[in-house]
Amino acid sequence: MGDSNGVPDSANSLSDLTMIGQPMRKVDGLDKSTGRATYTDDIALPGMLHGKILRSPHPHARILRVDVSRAESMKGVHGVVTGKDMPVLYGIIPWTQDEYPLALDRVRYIGDGVAAVAAVDEDTAIRALAAIEVEYEELPAHLDPFQALAARGDYEAGDYIHPPRKEGWNGNITKQVTLEFGDVAGQIQGSEHVIECEYYFEGTTHAAIEPHCAIGLASGDGRLTVWSTTQVPHYLHRELARVFEVDPAMVRVLQPPVGGAFGGKSEPFDLEFCVAALSLKTGRPVKILYTREEVFYSHRGRHPFHMRYRTGLDANGRLTGVDAQIVLDGGAYASFGLVTTYYSGQLLCAPYELPAYRFHSRRAYTNKPACGPKRGHGSVQPRFAFEVQLDKLAEKAGLDPIDLRRRNFIGADTRTVNELRITSNGFLECLDAVERASGWADKFRKLEYGRGVGVAGSTYISGTNYPIYPNEMPQSGVQIQIDRSGRVAVFSGASEIGQGTDSMVAYVAAEELGVPLEHVRVLRGDTDFTPVDLGAYSSRVTFMLGNACIDACRKLKKQVQGAVSEVWEVKPQEVLLAGGWALWARDTERKMPIREAFNLAEAKFGTLGATGSYNTPKDIHGDYRGGTIGASPAYSFTAHVAEVEVDVETGVVEVSKIWIAHDCGRALNPVLVEGQMEGSAYMGCAEALLEEHVFKDGDHGRQGLHNAPSLLDYRIPTSLDTPELESLIVESLDPEGPYGAKEAGEGPLHPSIPAIANAIYDAVGVRVDVLPFSPPRVWKALQEARASGKLGKPPAPERARVPERGAKR
């Protein structure tokens, strides 16, 4: 049996697994820990020039004139390019391409690229930037999304940041979505309890340790090569070919190891086009490395969200309806904003059953760096608001918050109210795990004043069900070659950004073909010789690349089993490949080294090689506009409990510990899964307490300037600030995942923030619905509660807990 891709059912022979599920090293760990790994900025090509980009000092202005003559005449300067050299709009989403590689006629945020130079060294390039003369006509700056949405007038006058898409439209709106499922008004009107509240999630950035870097090489024979820190080599390859009007077969993108990304490198950036243009102009390789300040201004991080939720609960503690209104502050360009606007509503419909649901989301352009995808793209912000809303409802109904979540569990093998298919679902086991491990029953509403615990849950996708550009081709492909020495080579187009992609395919190949892990070579990151994989985004890689790798391996495994069985005169399915041996299942003393088995297969079938691919099922979502966005072949589920201490005199919140239970389907390598869970919770804790990606407003001379564009000033937790983290892996064995696996890289972030918010309330009886929970903000809330006589521990639940869990309506 198998699925539509030819991958055998994941449940087959799971009891025979010898490596999958065991703690293993990362295959690139030694190179990275010893400094041998070669990152993009480590590469130095013969004759290489160094590039820099001139950036706008204004948040919104018309470009009247760009004079590069002085820069071009400087000693050591080999080339200068402007927007006129690349007058083609680009963008990661084909329907919202609104960005030029360098600004052509208008700049839309401080930091927008205007010109680029290539020189013999970086210092000369910086001096050349200072010699470029740009004349601007300043335009009104829109820094507030509500102001931008309310604007009326004329694009040429600066009332709109982008031209309206059609007559009568507001050019400050990227996307607006309204979807309704069920009778929301009627369901909420008939509710026993209704809560309506507003929430604000501040924007945050990725803070990956490696800045963006790119090298361009035009070889003179029509070929264009770009090395980049990108997360999406395939999409970059497509956009380079389109912008420069080059045959895609003449473009090559190489992706060296990437030093972290978290979504911040998941679309093309100006530097990748600039190095290509400068190399085409100079005939020499050109490198551009962002400064840390440029990383902050390039951004594409977490959108600020303004959210209002109205939620109903019946007398039995069941949710009746949810009505959401959301405004997204998108920054200057669309980026992934079309998808983000849908994700802000579509991904809220599990792990709880919602009889009726409506959301109205609008993404506004503002004159700030563009927002995009950050770990947990589009659903971290609404999850914060909704999980806090659930706790408010639980208190109003006299229920324990964990009990409320159990009562509303959506179940497995079902559909959400917006018609997304759910297969495996271990959310109840996640709740059980954090409840037990945290000692919830002995702590909730029982700790001394100033200490508290909070719970939250969530779900996330295991990859998007459809590629960014419409096509019917596989989402991921692998090519595998077996050498007669016993070595296995895996050619993979997937992106290794530190999460363990290369290790994952090595584990699969070693498991399926029975070779030691050290005999597997993973060759990736080069569009010239690897099959297409769409990139490292939306937690897609393990599910999709893993299935593609299994597909290829099992084709080769069948050949090896057939060749050995012929010699042994046994059935092919009785031949096992494991631990460097081919063995007879009926008597494992009968065996031969795996190298000999491979040689027999090569003698019988010729050179051993196979391809594998994966594509998603297409019947897993509703048939309505936007129904495909948020659809995924599988969903992970997560529950967290956070324990905090609040200093009531200063407002300082300290997170003592977070218990993280995550349903990852199957942990292919528990060590890597735990690392992803802890890294996600760390990032959520950082956003809850510290991070603010904000810009100056009011002072016209400084409008739009980033408030803290450095790792010294942008606050993220050090090791001393990080709470104790305990990972609790839950395995639900998804029927379509590789060996039952689902995602683990983004889902575990979501519950940290609302769990901390709910724990603060348990500690001091004060709600803070605006992020981050900084000392001044918490202190102010405490002072307001003290002045109104409401300071103190909140009341304990009145109603007994229900013994059964997850009963369906």
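Every test in (1) among the charged types (D, E, K, R); (2) within 22 Å of H299 (Cβ to Cβ); (3) more than 22 Å from the chain's Cα centre (by Cα); (4) not in a loop (DSSP other than H, G, I, E, B) is passed by D713 save one, and that test is (4). Within the range 277-293, at least one residue is aliphatic (A, V, I, L, M), open to solvent by 20 Å² or more (accessible area, probe 1.4 Å) and under 21 Å from D42 (Cα atoms).
Could we say that I461 is farther than 30 Å from G301 by Cβ and surrounded by 24 or more Cβ atoms within 10 Å (Cβ to Cβ) here? No; evaluated as a whole, the condition is false for this residue. Considering the range 107-136, and only residues there that are aliphatic (A, V, I, L, M) and free of Cβ contacts under 8 Å to residues at least 60 places away in the same chain, the residue that is least open to solvent (accessible area, probe 1.4 Å) turns out to be V107.
Among the residues making up the range 235-276, those that are surrounded by 23 or more Cβ atoms within 10 Å (Cβ to Cβ) and under 20 Å from the mean Cα position of the chain (by Cα) are L236, Q255, V258, A261, F262, G263, G264, K265, S266, E267, P268, F269.
Of the residues contained in the range 269-282, one or more are found to be in a loop (DSSP other than H, G, I, E, B), more than 19 Å from Q499 (Cβ to Cβ) and in the same structural domain as T96 (by TED's automatic domain parsing).
Filtering the range 732-755 to residues that are among the small types (G, A, S), open to solvent by 10 Å² or more (accessible area, probe 1.4 Å) and closer than 17 Å to L17 by Cα leaves only S732. When G411, G331 are screened for being surrounded by 24 or more Cβ atoms within 10 Å (Cβ to Cβ), among the small types (G, A, S) and at positive phi, only G331 passes. Quick test for you: out of I195, I209, I173, pick the one residue that is of a type in the set (A, V, I, L, M, F, W, C), under 29 Å from S710 (Cα atoms) and either out of contact with any Pro (no Cβ under 8 Å at 6 or more places or on another chain) or modelled with pLDDT under 95 (or both). Within the list I195, I209, I173, the selection yields I209. Exactly one residue among E649, E643 is buried (at least 24 other Cβ atoms within 10 Å of the Cβ), closer than 22 Å to P772 by Cα and in contact with a helix residue (DSSP H, G or I) (Cβ under 9 Å, 6 or more places away or on another chain), and that residue is E643.
When E419 is tested against (1) acidic (D, E); (2) touching a Phe, Trp or Tyr at 6+ places or on another chain (Cβ under 9 Å); (3) open to solvent by less than 20 Å² (accessible area, probe 1.4 Å), exactly one condition is not met: (3).
The set of residues in the range 350-374 being in contact with a Gly (Cβ under 9 Å, 6 or more places away or on another chain), outside any loop (DSSP other than H, G, I, E, B) and open to solvent by 10 Å² or more (accessible area, probe 1.4 Å) consists of R358, H360. Name the residue, out of L104, L30, L54, L64, that is open to solvent by 70 Å² or more (accessible area, probe 1.4 Å) and closer than 27 Å to L143 by Cβ. The conditions single out L64. Tell me yes or no: at least one residue of the range 563-579 is in contact with a Lys or Arg (Cβ under 6 Å, 6 or more places away or on another chain) and open to solvent by 50 Å² or more (accessible area, probe 1.4 Å). Taking every residue of the range 563-579 in turn, none turns out to be in contact with a Lys or Arg (Cβ under 6 Å, 6 or more places away or on another chain) and open to solvent by 50 Å² or more (accessible area, probe 1.4 Å).
Within the range 376-387, not a single residue is closer than 12 Å to D323 by Cα and of a type in the set (S, T, N, Q). Part of a strand (DSSP E or B), touching a Leu at 6+ places or on another chain (Cβ under 9 Å) and in contact (Cβ under 8 Å) with a residue 40 or more places away in the chain - does that describe any residue in the range 230-250? No, because not a single residue in the range 230-250 is part of a strand (DSSP E or B), touching a Leu at 6+ places or on another chain (Cβ under 9 Å) and in contact (Cβ under 8 Å) with a residue 40 or more places away in the chain.
Of the residues making up the range 375-399, those that are outside any helix (DSSP H, G or I), surrounded by 22 or more Cβ atoms within 10 Å (Cβ to Cβ) and out of contact with any His (no Cβ under 6 Å at 6 or more places or on another chain) number 5.
Candidates in the range 303-339 are the residues that are among the polar types (S, T, N, Q) and touching a residue at least 60 places away in the same chain (Cβ under 8 Å); of these, the one that is farthest from Y537 (Cα to Cα) is N316.
Remark: M24 matches the filter, which requires a residue to be surrounded by fewer than 23 Cβ atoms within 10 Å (Cβ to Cβ), in the same structural domain as L534 (by TED's automatic domain parsing) and in contact with a Phe, Trp or Tyr (Cβ under 8 Å, 6 or more places away or on another chain). Screening G426 with (1) in the same structural domain as V380 (by TED's automatic domain parsing); (2) touching a helix residue (DSSP H, G or I) at 6+ places or on another chain (Cβ under 8 Å); (3) open to solvent by less than 20 Å² (accessible area, probe 1.4 Å) gives one miss only, at (2). Is it the case that V655 is closer than 30 Å to Q783 by Cα, over 17 Å from the mean Cα position of the chain (by Cα) and either open to solvent by 40 Å² or more (accessible area, probe 1.4 Å) or in the same structural domain as P776 (by TED's automatic domain parsing) (or both)? Yes.
Just one residue in the set L338, L347 is open to solvent by 10 Å² or more (accessible area, probe 1.4 Å), at pLDDT 95 or above, more than 29 Å from L89 (Cα to Cα) and outside the structural domain of L129 (by TED's automatic domain parsing); that residue is L347.
Residues that are open to solvent by 80 Å² or more (accessible area, probe 1.4 Å) and not aromatic (F, W, Y) within the range 589-610 comprise E589, R590, K591, R595, E596, A603, K604, T607, listed in sequence order.
For the range 67-85, filtering for residues that are in a strand (DSSP E or B) and surrounded by 20 or more Cβ atoms within 10 Å (Cβ to Cβ) leaves 6.
Touching a residue at least 40 places away in the same chain (Cβ under 8 Å) and under 30 Å from L690 (Cβ atoms), is that true of D183? Spelling it out, it is not the case that D183 is touching a residue at least 40 places away in the same chain (Cβ under 8 Å) and under 30 Å from L690 (Cβ atoms). The condition (being part of a loop (DSSP other than H, G, I, E, B) and either of a type in the set (A, V, I, L, M) or in the same structural domain as S335 (by TED's automatic domain parsing) (or both)) is satisfied by just one residue among A185, A207, A148: A207. Contact map, the range 773-799: first residue assigned by TED's automatic domain parsing to the domain that holds N758, second residue open to solvent by 60 Å² or more (accessible area, probe 1.4 Å), Cβ cut-off under 7 Å, separation 6 or more or different chains; pairs are P775/T650; P775/V652; W779/T650.
The values are calculated or read from the model by the stated rules, or taken from the named source; none is laboratory data. This one's a predicted model, so the numbers in the text were calculated from it and none came from an experiment. Using ideal geometry, Cβ is built from the backbone for each residue, glycine included, and neighbour counts are taken over all protein chains shown. Quick note on the areas: whole protein, heavy atoms, side chains included, nothing else; ligands and nucleic acids left out. Shrake-Rupley method; radii C 1.70, N 1.55, O 1.52, S 1.80 Å.
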